[in-house]
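The values are calculated or read from the model by the stated rules, or taken from the named source; none is laboratory data. Just so it is clear, the structure is predicted and the values come from calculations on it, not from any experiment. Glycine also receives a Cβ, built like all others from the backbone with ideal geometry; neighbour counts cover every protein chain displayed. Accessible surface is based on the protein model in full, side chains and every heavy atom, while ligands, DNA and RNA are left aside. Shrake-Rupley method; radii C 1.70, N 1.55, O 1.52, S 1.80 Å.
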Amino acid sequence: MKLYDQIREYIPWNEQEQQDREVLLHWLSSGVDIATRNNPVAHLTASAWVISPDRNYVVMAYHNLYDSWAWLGGHADGEQDLLAVALREVQEETGLTLTDYRLRGLVTFLSSVWETEYMFVFTATGYEGELIECNEGDLEWIHKDRLVELPLWVGDKLFLERIHEPDTPFFSLKLRYEGDDLVYAALDGKELSV
């Protein structure tokens with residue numbers, strides 16, 4: 001099924017999801033390609049949080065270029081199957097093949113500097129293989145209690161807890177940055193203090 005059809009058939013459960021759904025459908029139906037980085041307004045990415053079966057550890061990559069930690073994932077690069085993007089990125093960055101995963105949320109990044117990014121977030125608790133050397137930085141299994149201590153974007157810390165809880169429903173998070181400063185956040189349509 002095409003991404004447009006998947007989003008069209010998705011039933012939003014709050015006003016923010018409805019608005020995000022309409023924006024994505026507009027972009028996808030307009031003929032503008034948001035599946036590549038060539039679009040100067042918006043693009044799609046997919047990320048995967050690879051979590052240990054006991055749900056205590058997550059694979060993180062320390063990106064030397066940005067001097068910060070990040071989860072795994074990347075740009076769609078023309079692919080409209082965002083699960084395939086997440087699976088590809090994890091395989092490329094870690095050598096792991098994901099075997100048990102699910103879509104957990106949509107994070108919309110709005111920025112005064114960068115184009116809008118719609119990041120589809122998956123979690124995975126099943127995988128095969130061993131970690132390989134990553135050309136983007138160092139990989140490490142990090143305990144969930146240490147994640148908030150790492151140098152991360154402020155907005156990333158807003159959804160860490162939701163990722164680790166297996167019964168947390170699908171979430172929609174909107175983050176607006178002015179430069180590097182988070183100035184607005186809303187989780188499932190409810191504004192958060194930043």
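Condition check ((1) at pLDDT 85 or above; (2) out of contact with any Leu (no Cβ under 7 Å at 6 or more places or on another chain)) across all residues:
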position: LEU28; (1), (2): no, no
position: PRO40; (1), (2): no, yes
position: ASP54; (1), (2): yes, yes
position: TYR62; (1), (2): yes, yes
position: ASP77; (1), (2): yes, yes
position: ALA84; (1), (2): yes, yes
position: GLU92; (1), (2): yes, yes
position: GLY95; (1), (2): yes, no
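Tell me which residues, restricted to segment 132-154, are exposed (fewer than 13 other Cβ atoms within 10 Å of the Cβ) and under 17 Å from PRO53 (Cα atoms).
HIS143, ASP145 - these are the residues of segment 132-154 that are exposed (fewer than 13 other Cβ atoms within 10 Å of the Cβ) and under 17 Å from PRO53 (Cα atoms).
Being surrounded by fewer than 20 Cβ atoms within 10 Å (Cβ to Cβ) and among the hydroxyl-bearing types (Ser, Thr, Tyr) is the filter; apply it to segment 112-131 and report the residue that is farthest from the chain's Cα centre (by Cα).
Taking the candidates together, the pick is SER112.
Return the residue satisfying two criteria in turn: it lies in segment 97-106 and is of a type in the set (A, V, I, L, M) and open to solvent by less than 50 Å² (accessible area, probe 1.4 Å), and of such residues it is modelled with the lowest pLDDT. First the steps, then the outcome.
Here is the first cut: in segment 97-106, the ones of a type in the set (A, V, I, L, M) are 98, 103, 106.
Remaining after also requiring open to solvent by less than 50 Å² (accessible area, probe 1.4 Å): 98, 106.
Details: LEU98: 95, LEU106: 87.
My answer is LEU106.
Just wondering, is there one or more residues in segment 132-151 that are among the basic types (Lys, Arg) and assigned to a helix (DSSP H, G or I)? Explain how you work it out, then say what you get.
Start the filter on segment 132-151 by keeping residues that are among the basic types (Lys, Arg), which leaves 144, 146.
Filter once more, so that each one left must be assigned to a helix (DSSP H, G or I): 144, 146.
Within segment 132-151 (the criterion being among the basic types (Lys, Arg) and assigned to a helix (DSSP H, G or I)), the answer is yes, since at least one residue qualifies.
Only one of these is surrounded by 14 or more Cβ atoms within 10 Å (Cβ to Cβ), among the aromatic types (Phe, Trp, Tyr), farther than 28 Å from ASN38 by Cβ and under 13 Å from the mean Cα position of the chain (by Cα): PHE109, PHE171. Name it. Even if it seems obvious, please write down each step before you answer.
Details: PHE109 fails: farther than 28 Å from ASN38 by Cβ.
PHE171 is the lone residue from the list that is surrounded by 14 or more Cβ atoms within 10 Å (Cβ to Cβ), among the aromatic types (Phe, Trp, Tyr), farther than 28 Å from ASN38 by Cβ and under 13 Å from the mean Cα position of the chain (by Cα).
State whether the residues of segment 77-87 include one that is crowded, with 16+ Cβ neighbours inside 10 Å, in contact with a Cys (Cβ under 6 Å, 6 or more places away or on another chain) and closer than 17 Å to LEU131 by Cβ. Step through it out loud before you land on a result.
Within segment 77-87, the first condition is being crowded, with 16+ Cβ neighbours inside 10 Å, and the residues that meet it are 79-83, 85-87.
From what is left, the residues that are in contact with a Cys (Cβ under 6 Å, 6 or more places away or on another chain) are none.
The answer is no; no qualifying residue exists.
Would you point out the residue of segment 46-76, among those that are touching a Gly at 6+ places or on another chain (Cβ under 6 Å) and either among the charged types (D, E, K, R) or closer than 17 Å to THR116 by Cβ (or both), that is surrounded by the most Cβ atoms within 10 Å (Cβ to Cβ)?
Looking at the filtered set, the residue picked out is ALA46.
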